[in-house]
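Each remark here refers to the structure printed beneath this line.
Just so it is clear, none of the values below were taken in a lab; they were calculated from the coordinates. Because the structure is a prediction, the values reported are computed rather than measured. In this analysis, Cβ positions are derived from the backbone assuming ideal geometry, glycine residues included, and neighbour counts consider all displayed protein chains.
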Amino acid sequence: MSCTAKGSELARTVEALISPGKGILAADESTGTAGKRLESVGLPNTEDNRRALRELLFTADGVEKFISGVILYEETLFQASSKGTPLTKELADRGIVPGIKVDIGTVALVGSPRELYTQGLDNLRQRCDKYYAAGARFAKWRAVITIDTAAGLPSPAGVRSAAAGLAAYAKVCQEAGLVPIVEPEVLADGPHGIDDCEAVTHEVLSVVFRELAIAKVQLETILLKPNMIVPGSKGPAATPDAVAAATLRVLRRTVPPAVPGIMFLSGGQSEEEATKHLELINKLGGSPWYVSFSYGRALQASALKAWSGDAANAAAAQAVFIQRAEANSQAALAK
Ligand code: 5MM
């Protein structure tokens, strides 16, 4: 494919992903994380249980009205439904774009072992080509930033290596015809306050966009998946209005308007909080980007509980999932 053809394919994929009122379902839990989720409802971490949960979500009646893309884990990209249909086909038949997590998880950062470094750049191009051939049209890479103000974290080296990894990944993906979702997640773990989250996220996004520029990543064909500006999980609470105002303030100060879409992660917020915050951010208005969701837990938690591994509960679980997806769709439309 020529560079121009690739460029227009990337643009078409972005356009589909940012369709008004739609967002992304993050169903890319690695096997270990999927196991924790299944265990929470008393189920063993078998391939069949992982497939059953994901099939239930992808085939829910009307899912395509609210979900534009699904981020898959490699196992799911090559998996078939209980009826033998490839799960990517189930999505594509509904007009939903299949995406793929291409990072392979985190390890301790050399020289600063309390910080995490995301791996997966080795052979990334070959893997992207394989994923493209399997139907994926966008990708995701998650960098993780830890706040511990007393310990001086994140360190400048931690932020820089996270940002450089995201930029290198994004460049490779664009060359392979996959729209890169750039996900620098500032974790909410810890006793820090909302101001600390704001300061760190500001710094992280500034460095990420500098590294993206150095790597010559085309901003018009990426999507950003940032955290919202929230207090640490053990920090002093903040009102939803304060979260929305701080989030928009940081994004306006750091994210160029050339970026077409901002698709938030939920980062451990409850389903209701994640929806409320998205709604308030969009109600503040004036954003140059499409602002929506790319939630994992905040779209799946209640559905997982309602299902709990019993096929007889599948329809009820699908209804719960659609309810969450619709509420977030409304929030993306500032309703
Ligand atoms: C769905 O969870 C994703 C995978 O996590 P692991 O690699 O640890 O299994 C995760 O990357 C997710 O896409 C984002 O963190 C957003 O999910 P949340 O639940 O925070 O919205």
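Values for this structure:
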{"read-out": "Checking N313 against (1) touching a helix residue (DSSP H, G or I) at 6+ places or on another chain (Cβ under 8 Å); (2) away from the ligand (no atom under 13 Å from the Cβ); (3) part of a loop (DSSP other than H, G, I, E, B), the condition it does not meet", "value": "(3)"}
{"read-out": "Residue list for the range 36-56, restricted to those being outside any loop (DSSP other than H, G, I, E, B), free of Cβ contacts under 8 Å to residues at least 24 places away in the same chain and away from the ligand (no atom under 16 Å from the Cβ)", "value": "D48"}
{"read-out": "Options T76, T33, T59, T88: the member that is within 11 Å of the ligand (Cβ to nearest atom), of a type in the set (S, T, N, Q) and surrounded by 14 or more Cβ atoms within 10 Å (Cβ to Cβ)", "value": "T33"}
{"read-out": "Subset tally (residues that are buried (at least 19 other Cβ atoms within 10 Å of the Cβ) and of a type in the set (S, T, Y)) for the range 148-196", "value": "2"}
{"read-out": "The range 206-238 - residue that is among the aliphatic types (A, V, I, L, M) and part of a helix (DSSP H, G or I) and, of those, farthest from V291 (Cα to Cα)", "value": "I214"}
{"read-out": "Filtered residue count, the range 137-158, keeping only those that are more than 15 Å from the ligand (Cβ to nearest atom) and closer than 30 Å to E15 by Cα", "value": "1"}
{"read-out": "Residue list for the range 253-272, filter: more than 14 Å from the ligand (Cβ to nearest atom) and either at positive phi or part of a loop (DSSP other than H, G, I, E, B) (or both)", "value": "V255, P256, P257, A258, V259, P260"}
{"read-out": "Whichever residue in the range 178-232 is among the hydrophobic types (A, V, I, L, M, F, W, C), without any contact (Cβ under 8 Å) to a residue 60 or more places away in the chain and in contact with a Cys (Cβ under 7 Å, 6 or more places away or on another chain) and, among such residues, is nearest to I71 (Cα to Cα)", "value": "V186"}
{"read-out": "Residue match in the range 250-260 (condition: under 18 Å from V70 (Cβ atoms) and buried (at least 18 other Cβ atoms within 10 Å of the Cβ))", "value": "no"}
{"read-out": "K101 surrounded by fewer than 19 Cβ atoms within 10 Å (Cβ to Cβ) and either farther than 21 Å from R160 by Cβ or in contact with a His (Cβ under 9 Å, 6 or more places away or on another chain) (or both)", "value": "no"}
